[in-house]
């Protein structure tokens, strides 16, 4: 079953609502409620509306019937027994370490069963790419989801406080921040300053005029072509990978600036070494 990144994100957001049922009971939610209490990222508001778990009216968000039903389904399966959980955790940690040290990495039925039971005690949240790659939802295909070494390993990390940082806003820290890069032009014989900004949709570039583009750097490429500047053939591929790197990790503005400067230097090398005296 194909699962998109957005569908995996919806799965995780529903998890967060289940762990914060009081927010559903309040009925009306502000943007601050969702960012401060459920750690919504900038893109999550659109994902939640498109995924039919929230609807927006004026400046407020309201849970849909679908979200309420999904949360109630999860809560019906939740097990609240601290003593049993302590026992299960101890058993799981021991059995997983045995498996890891054995070098076989083949999940045992005992480990899968333990993982499935622990899952409904703590309702863990995993990285979206793990859900996408497994093509399984942990809350719907629990036994099958844990029939893999890496998903068992993720649960081990969760139990040893090395799991996913739910509170992380990841790439939001570098979103919509203007970064200046220097681009050389043979035509004019000097460097010009391009302002580059990573947005939810892709990259925006400003040089004389503002161009809004996709994640593959269409705005940058169009700006370069307008000024007859040669650039590397693979530029769009690198811009796409850089966008995803900056979105999926806690990349600071300074770190993103370093990466963009590397790309600018790459463009400049290409432009500065363009053959002379050959008409194209």
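The values are calculated or read from the model by the stated rules, or taken from the named source; none is laboratory data. These numbers come from a predicted model, not from an experiment. For neighbour counting, all protein chains shown are included, and Cβ atoms are generated from backbone atoms with ideal geometry for every residue, glycine included.
Only one of the listed residues (214, 180, 192) is part of a loop (DSSP other than H, G, I, E, B), in contact with a strand residue (DSSP E or B) (Cβ under 9 Å, 6 or more places away or on another chain), at pLDDT 95 or above and surrounded by fewer than 19 Cβ atoms within 10 Å (Cβ to Cβ). That residue is 214.
I need the full set of residues from the range 117-133 which are farther than 15 Å from residue 19 by Cα and assigned to a helix (DSSP H, G or I), in order please.
Applying the first criterion (farther than 15 Å from residue 19 by Cα) to the range 117-133 yields 117-118, 127-133.
If the condition is that a residue be farther than 15 Å from residue 19 by Cα and assigned to a helix (DSSP H, G or I), then 117, 118, 128, 129, 130, 131, 132, 133 are the ones that fit.
Examine the range 106-116 for a residue that is more than 28 Å from residue 10 (Cβ to Cβ) and assigned to a loop (DSSP other than H, G, I, E, B), and state whether such a residue exists. Taking every residue of the range 106-116 in turn, at least one turns out to be more than 28 Å from residue 10 (Cβ to Cβ) and assigned to a loop (DSSP other than H, G, I, E, B).
Does residue 147 meet the test of being at pLDDT 95 or above, out of contact with any helix residue (DSSP H, G or I) (no Cβ under 9 Å at 6 or more places or on another chain) and either assigned to a loop (DSSP other than H, G, I, E, B) or not assigned by TED's automatic domain parsing to the domain that holds residue 232 (or both)?
No.
Scanning the range 153-164 for residues that are under 16 Å from residue 94 (Cβ atoms) and in contact with a helix residue (DSSP H, G or I) (Cβ under 6 Å, 6 or more places away or on another chain) yields 155, 156, 159. Filtered by the rule that a residue be free of Cβ contacts under 8 Å to residues at least 40 places away in the same chain and either part of a loop (DSSP other than H, G, I, E, B) or under 13 Å from residue 72 (Cα atoms) (or both), the range 17-31 gives 20, 22, 25, 27, 28, 30.
Please verify whether the range 7-14 includes one or more residues that are farther than 19 Å from residue 172 by Cα, out of contact with any helix residue (DSSP H, G or I) (no Cβ under 7 Å at 6 or more places or on another chain) and either in contact (Cβ under 8 Å) with a residue 24 or more places away in the chain or not in a helix (DSSP H, G or I) (or both). If you could, list the steps in order and put the result at the bottom.
Quick first cut of the range 7-14, residues farther than 19 Å from residue 172 by Cα only: 7, 11, 14.
Restricting the remaining residues to those that are out of contact with any helix residue (DSSP H, G or I) (no Cβ under 7 Å at 6 or more places or on another chain) gives 7.
Imposing the further condition that a residue be either in contact (Cβ under 8 Å) with a residue 24 or more places away in the chain or not in a helix (DSSP H, G or I) (or both) reduces the set to 7.
Within the range 7-14 (the criterion being farther than 19 Å from residue 172 by Cα, out of contact with any helix residue (DSSP H, G or I) (no Cβ under 7 Å at 6 or more places or on another chain) and either in contact (Cβ under 8 Å) with a residue 24 or more places away in the chain or not in a helix (DSSP H, G or I) (or both)), the answer is yes, since at least one residue qualifies.
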